[in-house]
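We did not get these values from a lab; they are worked out from the coordinates using the rules stated. These numbers were taken from a predicted model, which means no experiment stands behind them. Virtual Cβ from ideal backbone geometry, glycine too; neighbours counted across all protein chains shown.
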Amino acid sequence: MLNYIVFFLIIGIVWYWLNSVSAYEVAYKAAKSSCYRLKLQFLDDTLDVIKLRLCRHSHGYMQICRTYEFEFSSDGDSRYKGFIKISGKKFEAIDMEAFKIPTAEEDENAL
């Protein structure tokens with residue numbers, strides 16, 4: 001009996017780890033592409049899980065919902081935070097702090 005419990009526990013841990021890696025990849029691609037599209041610097045190439053919970057899918061079944069936090073910069077000097085919500089392995093939303101848009105004059109001075 002103990003063997004079955006240990007077996008299913010190991011299977012559950014492996015499933016959770018694989019699910020987490022897949023969700024992280026979806027969130028990473030979303031953050032990277034959003035920063036690229038808005039001409040921002042995606043800082044440190046990392047995401048941090050700040051919220052992990054169970055939520056219901058639109059069809060009614062339970063799934064793991066995660067909120068990731070990342071940092072970006074618009075001018076290379078300041079850091080801003082962004083948040084990505086993932087439900088299961090599906091991208092749900094991205095939210096970014098208001099950031100300073102560099103003027104053309106600041107861009108020329110940076111060169």
Scanning segment 55-96 residue by residue, those surrounded by 13 or more Cβ atoms within 10 Å (Cβ to Cβ) and among the hydrophobic types (A, V, I, L, M, F, W, C) turn out to be 55, 64, 65, 70, 72, 83, 84, 86, 91, 94, 96
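State all residues of segment 25-65 that are farther than 11 Å from residue 87 by Cα and assigned to a helix (DSSP H, G or I); if no residue qualifies, say none. Give the steps one after another, and end with the answer.
From segment 25-65, those farther than 11 Å from residue 87 by Cα are 25, 28-51, 59-61; that's our starting set.
Matches in segment 25-65: 25, 28, 29, 30, 31, 32, 33, 34, 35, 36, 37.
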